[in-house]
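Chemist: Submitted below is the structure of interest, expressed as structure tokens.
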Amino acid sequence: MNLADRLSEVVTTCPEAIALKFEGKSITYAELDRISDCYAWAFTHIGVVAGERVALLMTNCLEFVFFYFGIVKTGAAAVPLDPKYKWPELKALLDDCQPKVLACQADGLNILHQHRSELSYIQHYISPEDTGYPDVILLKNFLTDIPEIPFEIDVPENRTAHIAYTSAAQLRPQGVVISHVNLVKTAAISAGGFAQSAEDRVILFALPLHHIIGLVVVLLGTLFSGGSVILLSGVSIDCLLKTIERESITVFLGVPFIHAMLVRHLQENSSEYNLTSLRLCGSAGAPLPPELVLSYRILLDRDLVDFYGLTESTSHVTCQPLDKSGKSGSVGKVLKGFELEVVNSAGQVLLPSQTGEIIIRGPVMDGIYRQPEKTNRMLRNGWLYTGDIGYKDSDGYVYIKYFIKPMLITKGQNIYFSDVEDLLLSCPGVKEVLAVGIPDPDGMRGEVVRVAVILRDGAEQTPAGIKKYCLENIAQYKTPREIFILKELPCDLLGLPCRDTLRKM
């Protein structure tokens, strides 16, 4: 089954139910289907055909959802990108997927338009906003002369629906290829793990739709259950809590950073909000501190349910029980529809409580876009090798210990050390760089970036100048919190650059 077919099934069941709410506007399931049909017709009118890529550089909004379903209905692949990225990051990702069309808001166009000559593969730019660029198609013009009939193209269920770049070093792109059928399956598995139904009203707050949690777990999981998704555009905790109360929200999913902000706000203003409608609060994307779970129990009388997945698994594959019977420190048990094992370096399955690499089987990614060697390393005999280290206990509870991948997690966002290092090697005066993650001094973000920099002979550079260069060229959340300018990189006993040594400085 493809995504359009699954949406049609839900529309048939509850056409007038509210699918989406955003900034006071409500969209029913029938309207979502009809509007995304219009977008699909419009894409075919500008020459988009099955198998091509259409990139989305947009914040959370109704148009993102319309574009997404319009793209996949044509058989093309949607490529959502993070609108916080700067030009070097966007250039690397766009060069990798080479989309025919880019749907983009004004902020992104202001970055990209001056570089259009370097993006010759993009034939059309579409914007929901009037940007002032004469060669950009305004959304209202994109949607003119659309036939008032359903859009019907038989898209094979195994065709690529989505290429996701959220889980890899952006300057060395790794596009995760996901099929229609696997998105349909994982959305159902996710909704089953959370016991979702048509009665649920799920808030989408601070989880971007370009990320697999926002798109699959929140959006598709809720829509394919017949529930309602309420989107918030900002990151105000007060607005979040007032919306939960006003809309009788039942499910709130986020990363530990957002939950920590919520707890801090409630500790100061707990009596101002009625949050009794919430039946489920969930967390993923980074380790969940036990004290945060305890705070939730005290302030909300709710368990903060931990769950685990990665972009390459297309959704979450584990979840703590919803009846408060889970084990502290665990990310729960494997959801029905997935298998999870722990193996040693030889690929042999380990006994309970033995630590090794976590591997997953089920509706996972089809591979890494245009990288067969990397695909073959990650997908072996039907199993996805995650690069995450952990164990299962005798009761089947899964524990994540650390990551093989050279990265850190801040506010639920993966930051690969190579992104920061590759960029700073292009910074004037910089000769060598070593990046590492350290605990956030504020205790909110999980980890932040620390770098050691060696300057070229005679070069003059300051930590402030290096930070400014980062802010101009990579997403703000990747910018180093601490910058050490040294005469030599921290090394191990063999004289090799060592992240552990830098981390302990």
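Chemist: Give the residues of the stretch 302-345 that are in a loop (DSSP other than H, G, I, E, B), surrounded by 19 or more Cβ atoms within 10 Å (Cβ to Cβ) and within 25 Å of the chain's Cα centre (by Cα), sorted by residue number.
Modeler: Hits for the stretch 302-345 are Asp303, Thr314, Gln320, Ser330, Val331, Gly332, Leu335, Phe338.
Chemist: Evaluate the following for Ala452: is it over 27 Å from Pro256 (Cα atoms), touching a Phe, Trp or Tyr at 6+ places or on another chain (Cβ under 7 Å) and either in contact (Cβ under 8 Å) with a residue 60 or more places away in the chain or not charged (D, E, K, R) (or both)?
Modeler: The answer is yes for Ala452.
Residue by residue, here is whether (1) within 22 Å of Pro363 (Cα to Cα); (2) β-branched (Val, Ile, Thr); (3) crowded, with 20+ Cβ neighbours inside 10 Å holds:
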{"site": "His211", "(1), (2), (3)": "yes, no, yes"}
{"site": "Thr222", "(1), (2), (3)": "yes, yes, yes"}
{"site": "Asp238", "(1), (2), (3)": "no, no, no"}
{"site": "Lys242", "(1), (2), (3)": "no, no, no"}
{"site": "Arg246", "(1), (2), (3)": "no, no, no"}
{"site": "Leu275", "(1), (2), (3)": "no, no, no"}
{"site": "Arg279", "(1), (2), (3)": "no, no, no"}
{"site": "Gly285", "(1), (2), (3)": "yes, no, yes"}
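Chemist: Among the residues of the stretch 448-478, which ones are polar (S, T, N, Q) and out of contact with any strand residue (DSSP E or B) (no Cβ under 7 Å at 6 or more places or on another chain)?
Modeler: Thr462, Asn473, Gln476
Chemist: Give me the pairs, please: first residue somewhere in the stretch 365-387 and on the phi > 0 side of the Ramachandran plot, second residue anywhere and among the polar types (S, T, N, Q) and modelled with pLDDT of 95 or more, beta-carbon distance under 7 Å, and either six or more positions apart or on two chains.
Modeler: Gly367/Thr375
Chemist: If Ile298 satisfies all but one of (1) outside any helix (DSSP H, G or I); (2) surrounded by fewer than 19 Cβ atoms within 10 Å (Cβ to Cβ), what's the number of the condition it fails?
Modeler: Exception for Ile298: condition (1).
Chemist: A further question follows. Filter the stretch 342-363 down to the residues that are closer than 19 Å to Ile400 by Cα and aliphatic (A, V, I, L, M) and list them by number.
Modeler: Result: Val342, Val343, Val349, Leu350, Leu351, Ile358, Ile359, Ile360.
Chemist: Can you give me the ranges of the strands (runs of 3 or more DSSP E) entirely in the stretch 346-434 with at least 2 residues that are over 24 Å from Cys97 (Cα atoms) and touching a Ser or Thr at 6+ places or on another chain (Cβ under 8 Å)?
Modeler: 356-361, 383-392, 398-403
Chemist: Follow-up. With the requirement that a residue be assigned to a loop (DSSP other than H, G, I, E, B), crowded, with 21+ Cβ neighbours inside 10 Å and among the hydrophobic types (A, V, I, L, M, F, W, C), what does the stretch 45-92 give you?
Modeler: Result: Val48, Met58, Ala76, Leu81.
Chemist: Going by what's in this entry, would Pro99 be described as touching a strand residue (DSSP E or B) at 6+ places or on another chain (Cβ under 6 Å), assigned to a loop (DSSP other than H, G, I, E, B), in the same structural domain as Ala30 (by TED's automatic domain parsing) and within 29 Å of Leu471 (Cα to Cα)?
Modeler: Answer is yes for this residue.
Chemist: When you check Ala42 against the structure, is it assigned to a strand (DSSP E or B) and not aromatic (Phe, Trp, Tyr), yes or no?
Modeler: No: the conditions fail for Ala42.
Chemist: Can you confirm whether Gly221 is under 28 Å from Gly24 (Cβ atoms) and touching a Cys at 6+ places or on another chain (Cβ under 6 Å)?
Modeler: No, not satisfied.
Chemist: Okay, moving on. What's the number of the only condition in (1) in contact with a strand residue (DSSP E or B) (Cβ under 9 Å, 6 or more places away or on another chain); (2) within 19 Å of Val136 (Cβ to Cβ) that Ala17 fails to meet?
Modeler: Condition (2) is where Ala17 drops out.
Chemist: Another question about this same structure. With respect to Tyr477, is the statement that it is surrounded by 14 or more Cβ atoms within 10 Å (Cβ to Cβ), modelled with pLDDT under 90 and not assigned by TED's automatic domain parsing to the domain that holds Pro83 true?
Modeler: Against the criterion (surrounded by 14 or more Cβ atoms within 10 Å (Cβ to Cβ), modelled with pLDDT under 90 and not assigned by TED's automatic domain parsing to the domain that holds Pro83), Tyr477 qualifies.
Chemist: Do we have Ala452 as crowded, with 22+ Cβ neighbours inside 10 Å and either assigned to a loop (DSSP other than H, G, I, E, B) or at pLDDT 90 or above (or both) here?
Modeler: Yes: the conditions hold for Ala452.
Chemist: Here's something else I'd like to know. Take the residues in the stretch 222-263 that are in a helix (DSSP H, G or I) and touching a residue at least 60 places away in the same chain (Cβ under 8 Å), then tell me which one is farthest from the chain's Cα centre (by Cα).
Modeler: For the stretch 222-263, the residue satisfying everything is Glu247.
The values are calculated or read from the model by the stated rules, or taken from the named source; none is laboratory data. It should be emphasised that the depicted structure is a prediction, and the values quoted were computed from it without experimental measurement. Every residue, glycine among them, receives a Cβ derived from its backbone with ideal geometry; neighbour counts consider all protein chains shown.
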